[in-house]
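Novice: Before I ask anything, here is the structure I am working with.
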Amino acid sequence: MNTDSLQKILTQFVLDAAAYELEPIHHGLINDTYLVTKEGLPLYVLQRINHEVFKSIDQLMQNIDSALSYLGSSDYARLEIVKTIHGKTYYTKNQMHWRLITYIEDSTTYNTTTDTTIAFETGRIIGKFHYLLKSANTTSFVDSIPQFHDLQLREKQFQTALKNALPKKQKLAKDAILFAKNSIPNFKEIPKKLLPIRVCHNDTKLNNILFSKKDHKALCLIDLDTIMNGYFYYDFGDAIRTLANAAREDETDLAKITFNIDLFQSFVKGLASIPAFLKQVEIENLAIGAVYMPFIHGLRALTDYLNNNAYYKVTYENQNLDRCLSLFRFSALAQEQIPVMQTILLKNVFSD
Ligand code: GN1
Ligand code: MG
């Protein structure tokens with residue numbers, strides 16, 4: 001998208017008349033994102049929302065709008081949607097959908113960390129997000145991607161992709177395919193029926209958390225597209241997969257993938273610093289969540305590899321397979337840590 005067209009899009013939002021600059025941010029795998037700055041100062045984040053992935057932009061923006069009305073407190077920074085000149089939460093032109101969100105000053109993100117303070121803060125801010133949303137009415141949230149983290153759906157998509165995949169892909173991915181098939185039964189025991197449905201973020205990877213540049217305090221969660229109903233273990237597991245592992249999501253040297261139990265423990269302590277809001281049955285199923293979430297992401301990456309990269313942005317042909325292998329490796333490491341995770345969780349986190 002060229003600068004002129006982007007500038008035109010900006011004029012559709014309620015902004016002070018000023019010279020804004022735009023620079024692309026290449027983080028996400030789904031949307032296109034630009035930082036909007038004025039005289040070098042970042043002020044807003046402009047995003048084109050991927051309509052292929054998110055079928056109803058209207059409902060998605062309603063979810064975000066409702067969630068944001070809860071998400072603010074002295075220790076949780078409030079993000080705001082900048083309205084369009086027609087009073088809407090997003091702007092549509094040529095079947096492209098744009099939204100503008102305020103930028104939090106002096107903030108930064110981390111792709112990985114080895115710092116226990118950051119781990120504590122990650123646990124605290126995810127706990128706070130849920131604490132603030134705990135009385136939100138789940139029935140008023142719509143699934144922006146139905147069955148997003150659901151094993152049944154992801155297994156079905158995997159089986160279909162496998163059937164249709166090129167033989168050379170099936171061959172190259174044979175270890176991953178075997179791991180997937182062997183692992184799926186392990187997760188069928190998660191007692192979903194006993195777990196409360198909560199308004200979840202559903203993409204709590206570490207780089208979706210803003211931290212203060214000054215004191216490393218976590219400020220808030222960003223990338224709110226998948227705010228919808230889910231189980232707390234989704235948000236827990238997604239955070240652990242990116243926090244307790246210092247390797248990249250597409251790391252090809254599997255020896256670099258580790259499960260750092262100190263970071264896990266600090267995260268749990270941060271979570272436990274928020275007033276109790278979880279049920280005992282949720283706490284008891286968090287450790288398996290830390291095995292499940294890397295697995296489900298690995299399975300989605302594998303499916304997309306077999307589908308010739310139809311969903312995720314990739315920078316090279318086999319990147320989805322590399323993501324899958326790295327995520328499966330971390331899932332296997334998390335599986336070995338279940339007893340240790342359980343002990344830490346039961347010692348630190350109390351039910352409401
Ligand atoms: C996608 O685009 P991004 O990075 O925010 C994906 C998440 C994954 C993530 C990385 C809607 O999010 O589920 O965690 O890639 N989002 C969607 O694996 O599929
Ligand atoms: Mg996301």
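The values are calculated or read from the model by the stated rules, or taken from the named source; none is laboratory data. Remember, predicted model here, so these are calculated numbers, not experimental data. Don't worry about glycine lacking a Cβ; one is built from the backbone with ideal geometry, like all the others, and counts go over all protein chains shown. For the accessible areas, the whole protein counts, side chains as well, though only heavy atoms, and no ligand, DNA or RNA atoms are used. Shrake-Rupley method; radii C 1.70, N 1.55, O 1.52, S 1.80 Å.
Novice: Measuring from the lowest to the highest alpha carbon on each principal axis, how far does the range 72-112 reach, largest first, in angstroms?
Specialist: Principal extents (largest minus smallest coordinate, Cα): 36, 26, 13 Å.
Novice: If you consider only alpha-carbon coordinates, what radius of gyration and Dmax does the range 72-175 have, in Å?
Specialist: Rg and Dmax of the range 72-175, Cα atoms, are 20.6, 56 Å.
Novice: A further question follows. What are the semi-axes of the equivalent ellipsoid for the range 186-298, taken as the square roots of 5 times the Cα gyration tensor eigenvalues, largest first, in whole Å?
Specialist: 22, 19, 14
Novice: Measure out, as a whole number of angstrom, how far apart the alpha-carbon centroids of the range 148-164 and the range 26-63 sit.
Specialist: 28
Novice: Hey, which of these cross-link pairs are over 24 Å Cα-Cα: K168/K205; K205/K313; K83/K313; K217/K256; K128/K214?
Specialist: Where the Cα-Cα span goes over 24 Å, the pairs concerned are K168/K205; K83/K313; K217/K256.
Novice: Quick one: what Rg and Dmax do you get for the chain from the alpha carbons, in Å?
Specialist: When restricted to the Cα atoms of the chain, Rg and Dmax are 20.1, 58 Å.
Novice: Can you give me the Rg/Rh ratio for the range 281-352, using Cα atoms for both radii and the Kirkwood formula for Rh?
Specialist: Numbers: Rg = 15.5 Å, Rh = 13.4 Å.
With Rg and the Kirkwood Rh in hand, the quotient comes to 1.15.
Novice: Which value, in Å², gives the accessible area per residue of the chain when a 1.4 Å probe is used on the protein heavy atoms?
Specialist: Working: 16150 Å² over 352 residues.
Heavy-atom accessible area per residue stands at 46 Å².
Novice: Along its three principal axes, how long is the range 1-102 when you only count alpha carbons? Whole Å, largest extent first please.
Specialist: If we take the Cα atoms of the range 1-102, the spans are 35, 34, 30 Å.
Novice: Given the protein chains as shown and a 1.4 Å probe, how many square angstrom of D304 are accessible, to the nearest 10?
Specialist: 10
Novice: Among the aspartates and glutamates, which fall within straight-line cross-link reach of K181, defined as a Cα-Cα distance under 20 Å, with same-chain neighbours fewer than 8 residues apart omitted?
Specialist: Here the aspartates and glutamates satisfying the reach criterion relative to K181 are D150, E155, E189, D304, D322, E336.
Novice: State the Cα centre-to-centre distance between the range 281-322 and the range 167-201 in whole Å.
Specialist: 9
Novice: How large, in percent, is the carbon and sulfur part of the accessible surface of the range 87-160 at a probe radius of 1.4 Å?
Specialist: On the range 87-160, the fraction of accessible area on carbon and sulfur atoms equals 46 percent.
Novice: Semi-axes of the equivalent ellipsoid of the range 131-263: what are they in whole Å, largest first, if each equals the square root of 5 times a C-alpha gyration tensor eigenvalue?
Specialist: Working: eigenvalues 169, 104, 39 Å².
Over the Cα atoms of the range 131-263, the semi-axes work out to 29, 23, 14 Å.
Novice: Ranked highest first by the average count of other Cβ atoms within 10 Å around their residues, in what order do 330-336, 156-162 fall? Intermediate values should be presented prior to the final figure.
Specialist: Working: 330-336: 20.9, 156-162: 16.6.
Answer by packing, highest mean first, reads 330-336, 156-162.
Novice: If I ignore ligands, DNA and RNA and count only protein heavy atoms, how much of S212 is accessible to a 1.4 Å probe, in Å² to the nearest 10?
Specialist: Surface open to solvent at S212 totals about 20 Å².
Novice: In a Gaussian network model over the chain where Cα atoms closer than 10 Å are linked, find which of A180, A239, A287 has the largest mean-square fluctuation.
Specialist: Result for the chain, Cα springs under 10 Å: A180 fluctuates most.
Novice: Please list, by residue number, every one of the GluC sites (Glu not before Pro) in the range 83-164 that is coil in DSSP and has at most 14 other beta-carbon atoms within 10 Å.
Specialist: E105
Novice: Still on this model: Can you tell me which of 28-39, 6-17 comes out highest on packing, and rank the rest after it, using the mean Cβ neighbours within 10 Å?
Specialist: The most tightly packed comes first, giving 28-39, 6-17.
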